[in-house]
Amino acid sequence: MKKISFMDLKVENKKERQKLLQAIGKVLDHGKILYGPEVLKFENEIAKLSKRKYALGVGSGSSALLLSLKALNIGPDDEVITTPLSWIATANAIALTGARVVFADIKEDLNIDPNSIEKLITKKTKAILPVHFAGRICQMDILCDIAKKNNLFVVEDAAQAFGAYYKNRISGSFGDVGCFSMNPMKILRACGEAGVIVTDSDEIASRIKILRHTGTVDRIGHELSLNHRLDTLQAAILLKRLPKVKALIKKKRQIALWYSKRLQNVVIVPKENQDEYNVYYNYCILVDKREKLIEHLLSKNIEIANQYLNLMPHQAVFKKYNYDGFPNAKVFSKKLLCLPMNEKLTKQDIGFICNEIISFYKNF
Ligand SMILES: *Cc1c(COP(=O)(O)O)cnc(C)c1O
């Protein structure tokens, strides 16, 4: 039986491989391995694409979140409102600043529900940190209105949504700061760890430059921070991959369409409104009898990697706070299933997966 991979990070295409090796070779030749010219070039490309004044390369999406919050002077005694459903890095970044993480609820789009935010705002609230889950942008117009009204910052966690649009605006262009991860699983991917922060603010940008450089200016320490540099080799790789990312997103959208056409009457499939362009970092469905279905798919050699089995507030690291609330998130997280999503999947692969899901529910 053919194995269907959830993700597939191998670089098998000879042309792509050659290009990447060439890019790496160039860096080895010029020898400017730390903050090499590729970093600056990559930052310029991202700034242009995000329609932002600044793009600042950092070591990871996690660093992007942490440094953004730090640059906004968020720390102990502050509160930051976020979604309960994300990769744990989101909540950890907030908590590591010393601020309290406040979890709102989500909607069926699996993104933060703007209606659940306002009642959580207190005197201590400093920022809203929405996550564009699975490659679908949150209702940023409404969120930014709430933030403006209440004098709050908006930090976008766009780690899963590079290249996504909402109302003709690209991800990362809505908030005070936009954070991306370019780790090998994401939409635009390095061959290692990488991230980038985008902003229009001179002040935030200069703070981030200091914070990513161990808090130093001209080798003199100004504040407490660690090394959060973007690696030059990764920047060189990202520059090679950037021109191909549109085609990759198109393929992911095609796969999503294949899935949705077959599954829309069987499970709850992700929707896409007229004013959205989703990039399907993951293809997430809501299902009944999830554990049994996963068992069935695994027995057919279909790989399932459910990264979101637990809401962030219910994970061990946050247990001591006894978080509660977010009723929708509790329901949806029990039904959430991410199906294999990688650009190497064929129409036949998707057909096979869908047939197995359909036959599972017929026979249950
Ligand atoms: C991947 C991811 C991060 C962290 O990015 P890293 O580059 O892995 O540190 C943060 N938030 C979300 C939503 C992510 O998916």
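Every number in this text was worked out from the coordinates using simple rules, so none of it is lab data. Source: prediction; values computed, not measured. Heads up, the Cβs are rebuilt from the backbone with ideal geometry, glycines too, and the neighbour counts pull from every protein chain shown.
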May I ask for the equivalent-ellipsoid semi-axes of the chain, computed as the square root of five times each C-alpha gyration tensor eigenvalue and listed largest first in whole Å? 33, 28, 17
If amide H atoms are modeled at 1.01 Å from N in the peptide plane, then the residues at a separation of 5 or more from Arg100, or on another chain, having amide H under 5 Å from its own are Asp77, Asp78, Glu79, Val80
Please list, or write none, the aspartates and glutamates whose alpha carbon is within less than 16 Å of the alpha carbon of Lys252, excluding same-chain residues fewer than 8 places away. Asp8, Glu272, Glu276, Glu343, Asp349
If the convex hull is drawn through the Cα atoms of region 164-305, its volume per residue in Å³: 171 Å³
Apply the Karplus curve 6.51 cos²θ - 1.76 cosθ + 1.60, θ = phi - 60°, to the phi angles in region 128-134 and return the couplings in whole Hz, x for Gly and Pro. 10, 10, x, 10, 7, 5, 6
Net lengthening on full extension, Lys319/Met1 (0.36 nm per residue, minus Cα-Cα): 110.3 nm
Mind listing the phi-derived Karplus ³J(HN,Hα) values for region 168-179, rounded to whole Hz, using 6.51, -1.76 and 1.60 with θ = phi - 60°, and x for any glycine or proline? 6, 10, 8, 4, x, 9, 9, x, 5, 9, x, 10
List, in the order given, every pair from Lys167/Lys244; Lys300/Lys330; Lys261/Lys344; Lys53/Lys149; Lys51/Lys123; Lys15/Lys209 whose Cα-Cα distance in the structure shown is over 27 Å. Lys300/Lys330; Lys51/Lys123; Lys15/Lys209
Restricting attention to the alpha-carbon atoms of region 1-148, what are Rg (one decimal) and Dmax (integer), both in Å? 19.6, 58
Based on DSSP H runs of at least 4 residues, each adding -39500 (n - 2.57), what is the mean residue ellipticity at 222 nm of the chain after dividing by all its residues, to the nearest 500 deg cm²/dmol? -11500 deg cm²/dmol
Once you charge only the Cβ atoms, +1 for Lys and Arg and -1 for Asp and Glu, what is the size of the charge dipole of the chain about its Cα centre, to the nearest 20 debye? 1120 debye
Volume of the Cα convex hull of region 1-81, divided per residue and given in Å³: 197 Å³
Quick check on region 198-279: take the gyration tensor over C-alpha atoms, sort the square-rooted eigenvalues as a ≥ b ≥ c, and tell me if it's rounded (a/c under 1.5), prolate or oblate. prolate
Heads up, region 95-207 by the C-alpha gyration tensor (a ≥ b ≥ c square roots of eigenvalues; a/c under 1.5 rounded, else a/b over b/c prolate, else oblate) looks prolate
Range of Cα positions in region 291-338 per principal axis (Å), largest first: 40, 21, 14
If amide hydrogens are placed 1.01 Å from N in the peptide plane, which non-local residues have theirs closer than 5 Å to the one on Val154? Ile128, Asp176, Val177
Radius of gyration and maximum dimension Dmax of region 244-364, Cα, Å: 15.8, 47
Whole-Hz couplings from phi, Karplus 6.51/-1.76/1.60, listed for region 274-289; x for Gly and Pro: 3, 8, 10, 9, 8, 9, 6, 3, 10, 9, 10, 10, 10, 10, 8, 6
Put one equal scatterer on each alpha carbon of region 65-159, apply the Debye formula with no solvent term, and list log10 I(q)/I(0) at q = 0.17 1/Å to two decimals. -0.63
List the residues, sorted by chain then number, that are 5 or more residues from Ile106 or on another chain and whose placed amide H is less than 5 Å from its amide H. Asp113, Asn328, Ala329
